Amino acid sequence: MEFQETITYTYNLQAGSAPLQFFITVDAEADRQNYYVFSLSMKAGHVERTLCETITMRLSIDPRQLDFSLFIFPPRTSLPAACLYNLRVWLKTGDIDHRLFADNDLWIGRDPDFRAIGDASFAILRNATQDMLIYQAVVGRAHVSFILRWQLVEVGLYSLSLDYEAGGVGRMLFDNYELRLDCEPQTVSFMIYSIPISSTPAGASHRLRCWLRTPYVSHSPVSSVISHPTESYIYQRLWKCDDFKLGAKLNFEALGSKLAMGVPDPDSPRIERDPALLYPSRRRSRLPPRSDEISSLRLVNDR
């Protein structure tokens, strides 16, 4: 029996006062000789997550004897301050450097000052169970619930999802965000906030941010015997949305005098109950499928 070999290179660095650990994994492709897949992940606090897209390289050198240059640098000022970094990973082969990974949006820090974001509206944790957390917020004068759910994939590996609900309507914001934890999910909490954007009507557009928070644990033998008066946390941003559209009592007439508003039809809504569809997996639509869709459906059903 042949075993798949994974080679892992580990690098440590400090992002301000936040200790980070990066893992570069190298896996041989099963069907192509001398081709290897490079992956990058980062561990901060108790959480490890994937960064960047994987990349495939052809190697004529020993994959067990590779050398990398991995570094971060702050590109500009940020809010919260000192939390934004550019990340670069280069592969060194003799005098030649090959860039493998780049991330210009790495947000991470230890105890950042979120209060400096003066116009932010922060969600508050209202309920927590073993596999779900519910945060309540006000976004554009609308009362919103943000629901985070954990799903166990395998030992230590979890899938995270986020959706929102407001006024009896909701939708998924992200799902299948895989995180490796060396703690229980109950140890992890979140920072969710929105920032209003100028829009017409007012209060309809927002930037939405979701950060993950885990307790800071020092590995220094000196600091481990010193009692800290306050708790310390590592924050890392998981997800963002720059065009979150939601509001309450929006004044659409502010769009101007040329606004043409639709009015409900007297016979609307109309409920239709049809026999079983020929293709039950298709969603119901008022329009028939295009000819190319019919052809593809026939091919699927003929298989």
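The values are calculated or read from the model by the stated rules, or taken from the named source; none is laboratory data. Not measured: the values here are computed from a predicted model. In this analysis, Cβ positions are derived from the backbone assuming ideal geometry, glycine residues included, and neighbour counts consider all displayed protein chains. Heads up: the accessible areas ignore ligands, DNA and RNA and are worked out on the full protein's heavy atoms, side chains in. Shrake-Rupley method; radii C 1.70, N 1.55, O 1.52, S 1.80 Å.
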Query raised in the report: Within the stretch 61-72, can one find any residue that is closer than 27 Å to Glu5 by Cβ and among the aromatic types (Phe, Trp, Tyr)?
Result: yes
Query raised in the report: In the stretch 121-139, how many residues are in a loop (DSSP other than H, G, I, E, B), open to solvent by 20 Å² or more (accessible area, probe 1.4 Å) and not polar (S, T, N, Q)?
Result: 1
Requested in this report: Would you point out the residue of the stretch 72-99, among those that are within 26 Å of Tyr9 (Cβ to Cβ) and hydroxyl-bearing (Ser, Thr, Tyr), that is surrounded by the most Cβ atoms within 10 Å (Cβ to Cβ)?
Outcome: Tyr85
Query raised in the report: Can you pull out the residues in the stretch 158-181 that are surrounded by 13 or more Cβ atoms within 10 Å (Cβ to Cβ) and either of a type in the set (S, T, N, Q) or closer than 20 Å to Ser41 by Cα (or both)?
Result: Tyr158, Ser159, Leu160, Ser161, Phe174, Tyr177, Glu178, Leu179, Arg180, Leu181
Query raised in the report: Is it the case that some residue within the stretch 190-211 is within 25 Å of Trp107 (Cα to Cα), in a loop (DSSP other than H, G, I, E, B) and open to solvent by less than 70 Å² (accessible area, probe 1.4 Å)?
Result: no
**Report entry** Considering residues of the stretch 28-41 that are farther than 30 Å from Ser189 by Cα and outside any loop (DSSP other than H, G, I, E, B) only, the residue most open to solvent (accessible area, probe 1.4 Å)
**Finding:** Tyr35
Query raised in the report: Can you name the number of the only condition in (1) farther than 30 Å from Arg115 by Cβ; (2) modelled with pLDDT under 60; (3) over 34 Å from the mean Cα position of the chain (by Cα) that Ile226 fails?
Result: (1)
Query raised in the report: Does Ser145 fit the bill of being open to solvent by 20 Å² or more (accessible area, probe 1.4 Å) and either closer than 30 Å to Ala254 by Cα or in contact with a strand residue (DSSP E or B) (Cβ under 9 Å, 6 or more places away or on another chain) (or both)?
Result: yes
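Among the residues that make up the stretch 77-88, is at least one of them within 18 Å of Ile55 (Cα to Cα) and in a strand (DSSP E or B)?
Checking the stretch 77-88: at least one residue is within 18 Å of Ile55 (Cα to Cα) and in a strand (DSSP E or B).
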Query raised in the report: Restricting the search to the stretch 42-68, which residues are assigned to a strand (DSSP E or B), more than 27 Å from Tyr216 (Cβ to Cβ) and touching a Phe, Trp or Tyr at 6+ places or on another chain (Cβ under 7 Å)?
Result: Thr54, Ile55, Thr56, Met57, Arg58
Report summary line: Expected output for the stretch 168-186 (first residue modelled with pLDDT under 95, partner exposed (fewer than 13 other Cβ atoms within 10 Å of the Cβ) and not in a strand (DSSP E or B), Cβ below 8 Å, 6+ apart or cross-chain) is Asp182/Gly156; Pro185/Gln130; Gln186/Gln130
